[in-house]
Ligand code: BDR
Ligand code: CA
């Protein structure tokens, strides 16, 4: 069983990934950390607490950063996830579950220190909490098992960005944090738009979840109405499976093909938020990227198998 901390900004697809983590028998969800992203950190934390309470998720929730490490304004995505982050499905006001009395980045540091070599960090929002954890205690890079993120885009299958022509939302929302995360010597697997835009849940698939997966399937149907409208208007045949693809990578890495190499993030100018990998298997002349740690990016995915695993798990 794998110990996982889920760093998230719920978020419609964040909620869908959370359900996979909750129901998969090989995953022991030991913490949920929230941050700015799809909505403000107040809203994403409230949503995490609501999901915890309604679906009986035991993991503690720790509230994280309200904005990027640079102090720049947070960039939200109400046009994709609705103003309330859950596709405008009404969330009750009287939520009893409460966040713990510790900021997300400190919870990450303390939990990693408590279980050296065991914790897997799954980050599917802005990378701010991870960067703050590294700033507070750089040694955690050698103490986690690994880091799996949803973020970035590297041009595979023609995918480069969803917020700008060259930037994906989780990186665009705090490029400096992502740059610091990629500079750290922990093993990272990156599930970017290259693969998440290749896995689509059609309306038919979502209807199947609604009828076969009980209350949670019905809830997914409800929160995905707004989100689906956004993707159908873009001309896609269904909704992109962003965060749940990264969650599935934890238990089924064989469904993905990867490429190794150091990664950097553009932190200013017109390519703000762009992710670039220097592939290890291409004979570029030596440069100062050579000393940087190598990470895996996903370049291809077995979409139908991934969707089947998600359905079976729920
Ligand atoms: C990412 O941005 C958010 O809209 C999703 O939750 C996902 O984490 C995709 O770019
Ligand atoms: Ca997300």
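The values are calculated or read from the model by the stated rules, or taken from the named source; none is laboratory data. What you see is a predicted model; the values in this text were computed from it and never measured. Note: ideal-geometry Cβ built from the backbone for every residue, glycine included; neighbour counts use all protein chains shown.
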Conditions: (1) touching a helix residue (DSSP H, G or I) at 6+ places or on another chain (Cβ under 8 Å); (2) in contact (Cβ under 8 Å) with a residue 60 or more places away in the chain; (3) more than 19 Å from residue 266 (Cα to Cα). Residue 206 meets all but one. Number of the miss? (2)
For the stretch 126-143, state whether one or more residues are within 16 Å of ligand 1 (Cβ to nearest atom), free of Cβ contacts under 8 Å to residues at least 40 places away in the same chain and under 24 Å from residue 66 (Cα atoms). no
For the stretch 77-92, enumerate the residues that are outside any loop (DSSP other than H, G, I, E, B) and out of contact with any helix residue (DSSP H, G or I) (no Cβ under 7 Å at 6 or more places or on another chain). 78
Scan the stretch 111-145 residue by residue and report those that are out of contact with any helix residue (DSSP H, G or I) (no Cβ under 8 Å at 6 or more places or on another chain) and closer than 25 Å to residue 41 by Cα. 111, 138
Going through the stretch 146-189 one residue at a time, which ones are in contact with a strand residue (DSSP E or B) (Cβ under 6 Å, 6 or more places away or on another chain), away from ligand 2 (no atom under 14 Å from the Cβ) and in contact (Cβ under 8 Å) with a residue 60 or more places away in the chain? 154, 156, 161, 175, 179, 182, 186, 187, 188, 189
For residue 43, state whether it is more than 10 Å from ligand 2 (Cβ to nearest atom), surrounded by fewer than 24 Cβ atoms within 10 Å (Cβ to Cβ) and modelled with pLDDT of 95 or more. no
Could you list, in sequence order, all residues of the stretch 22-40 that are buried (at least 24 other Cβ atoms within 10 Å of the Cβ) and either near ligand 2 (Cβ under 9 Å from one of its atoms) or under 16 Å from residue 53 (Cβ atoms) (or both)? 32, 34, 37, 38
If I go through the stretch 64-99 residue by residue, how many of them are away from ligand 1 (no atom under 16 Å from the Cβ), loosely packed, with under 15 Cβ neighbours inside 10 Å and under 21 Å from residue 126 (Cα atoms)? 5
Check on residue 95, over 25 Å from residue 201 (Cβ atoms), touching a helix residue (DSSP H, G or I) at 6+ places or on another chain (Cβ under 8 Å), away from ligand 2 (no atom under 16 Å from the Cβ) and assigned to a loop (DSSP other than H, G, I, E, B): yes
In the stretch 1-20, anything under 15 Å from residue 147 (Cβ atoms) and either part of a helix (DSSP H, G or I) or away from ligand 1 (no atom under 14 Å from the Cβ) (or both) is listed as 2, 3, 4, 5
